[in-house]
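Structure first, commentary second.
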Amino acid sequence: MDVITRKQLLDRGLDSSAITRAIRSGKLHRILPSVYSTEEPEYLERCIAVTLWKPDAVLSHTTAAWLWGLLDEEPHLVEATVPASTQARSPSWIRLHRRALASTDLCEGLPVVSIEQCFIDVATALPLPQLEAFFDAAVSTKVPWKSIALQCENMKRMHGIPAVRKQLRTCCPGTLSEPERVVARALSARDFPLELNGRVGKYYGDLMCRRGRVIVEIDGREFHTEPEVFNNDRRRQNVLILDDWLVLRYSAATAMAHLDEVVDEIITVVRKRRRSRRT
């Protein structure tokens with residue numbers, strides 16, 4: 001599929017009448033003023049069209065996050081940043097942000113904000129639950145924590161910085177399931193973070209307190225349905241208990257439906273174990 005401007009079509013020898021006929025026959029699809037595609041455009045073609053429509057536009061916010069591979073699902077809008085002086089009405093599927101940009105990168109051959117800047121941009125665009133999931137999935141696994149913190153320092157007056165700094169303090173990267181992530185987040189919000197996926201010998205624990213020798217396991221449905229998983233987990237638990245580890249188990253359904261009660265119990269047990277081991 002080609003995304004092409006009116007000027008490029010004219011340079012190829014088509015006149016205005018030929019362009020109009022091509023649109024009426026379905027050979028061309030108008031995406032934006034003077035920007036067309038040879039087939040019905042999908043999200044990436046719309047991104048290309050925006051940069052052709054506004055040559056000084058830089059793809060940003062959720063669009064840049066998607067292009068950098070930080071978001072799995074295509075955003076509903078194509079978001080771009082343009083100079084503050086830009087005056088233009090845009091269709092409903094485009095959101096233009098007006099501000100000065102210090103630097104830009106290229107991704108998929110398109111001008112985009114840096115991958116670190118995405119974290120600041122999405123902090124102003126995503127609802128809190130989605131923002132928390134975004135940071136948990138991307139910090140340290142896709143982008144180093146320090147590089148995001150440095151970007152915050154360089155852009156300290158930008159809208160969204162306080163939200164990013166809060167997420168950097170409370171994010172829980174490396175969790176292996178959504179229920180595990182939610183419990184880890186809830187503990188972090190209570191200023192009681194636990195180690196994630198910590199290793200004890202040849203085993204790992206979902207959440208762990210080494211000082212209290214407590215492991216918290218959030219069991220998915222497969223724990224109850226697969227005999228091999230069930231048996232291996234029993235052997236693992238016995239080894240840990242014999243090594244003086246306390247193992248707390250919660251089903252994923254319980255953790256999601258009764259989050260506050262689960263977190264209260266975890267904190268109470270871990271604190272008690274810490275005190276008993278200290279004395």
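Scan the stretch 129-177 for residues that are in a loop (DSSP other than H, G, I, E, B) and in contact with a strand residue (DSSP E or B) (Cβ under 8 Å, 6 or more places away or on another chain) and report the count. Let's see the steps before the verdict.
Quick first cut of the stretch 129-177, residues in a loop (DSSP other than H, G, I, E, B) only: 140-142, 144, 155-160, 171-177.
This time we only want the ones that are in contact with a strand residue (DSSP E or B) (Cβ under 8 Å, 6 or more places away or on another chain), so: 171-177.
Of the residues in the stretch 129-177, 7 are in a loop (DSSP other than H, G, I, E, B) and in contact with a strand residue (DSSP E or B) (Cβ under 8 Å, 6 or more places away or on another chain).
Residues that are touching a residue at least 24 places away in the same chain (Cβ under 8 Å) and among the basic types (Lys, Arg): list the helices (runs of 4 or more DSSP H) wholly contained in the stretch 1-67 that include at least 1 such residues.
Working: elements: 6-11, 16-25, 43-53, 61-67.
Ranges flagged: 6-11, 43-53.
Go through the stretch 144-170 and give me each residue that's within 20 Å of ARG185 (Cβ to Cβ), without any contact (Cβ under 8 Å) to a residue 40 or more places away in the chain and not β-branched (Val, Ile, Thr).
At the first step, the residues of the stretch 144-170 found to be within 20 Å of ARG185 (Cβ to Cβ) are 145, 148-149, 160, 162-170.
Subsequent filtering for residues that are without any contact (Cβ under 8 Å) to a residue 40 or more places away in the chain retains 145, 148-149, 162, 165-166, 168-170.
Once the filter is applied, which keeps residues that are within 20 Å of ARG185 (Cβ to Cβ), without any contact (Cβ under 8 Å) to a residue 40 or more places away in the chain and not β-branched (Val, Ile, Thr), the stretch 144-170 yields TRP145, ALA149, PRO162, ARG165, LYS166, LEU168, ARG169.
Being modelled with pLDDT under 90 and touching a strand residue (DSSP E or B) at 6+ places or on another chain (Cβ under 6 Å) is the requirement here; does GLY201 meet it? Step through it out loud before you land on a result.
Working: modelled with pLDDT under 90: yes; touching a strand residue (DSSP E or B) at 6+ places or on another chain (Cβ under 6 Å): no.
No.
Being surrounded by 16 or more Cβ atoms within 10 Å (Cβ to Cβ), of a type outside the set (Lys, Arg), assigned by TED's automatic domain parsing to the domain that holds VAL247 and outside any strand (DSSP E or B) narrows it down to one of LEU207, LEU187, LEU196, so name that one. Working first, answer last.
Values: LEU207 fails: outside any strand (DSSP E or B); LEU196 fails: outside any strand (DSSP E or B).
None of the other options fit; the residue is LEU187.
Answer with yes or no whether SER103 is part of a loop (DSSP other than H, G, I, E, B) and out of contact with any Ser or Thr (no Cβ under 7 Å at 6 or more places or on another chain). Step through it out loud before you land on a result.
Values: part of a loop (DSSP other than H, G, I, E, B): yes; out of contact with any Ser or Thr (no Cβ under 7 Å at 6 or more places or on another chain): no.
Taking the combined requirement at face value, the residue does not satisfy it.
The values are calculated or read from the model by the stated rules, or taken from the named source; none is laboratory data. This structure is a prediction, so every number in the text was calculated from the model and none was measured. Here Cβ is always computed from backbone atoms with ideal geometry, including for glycine, and neighbour counts include all displayed protein chains.
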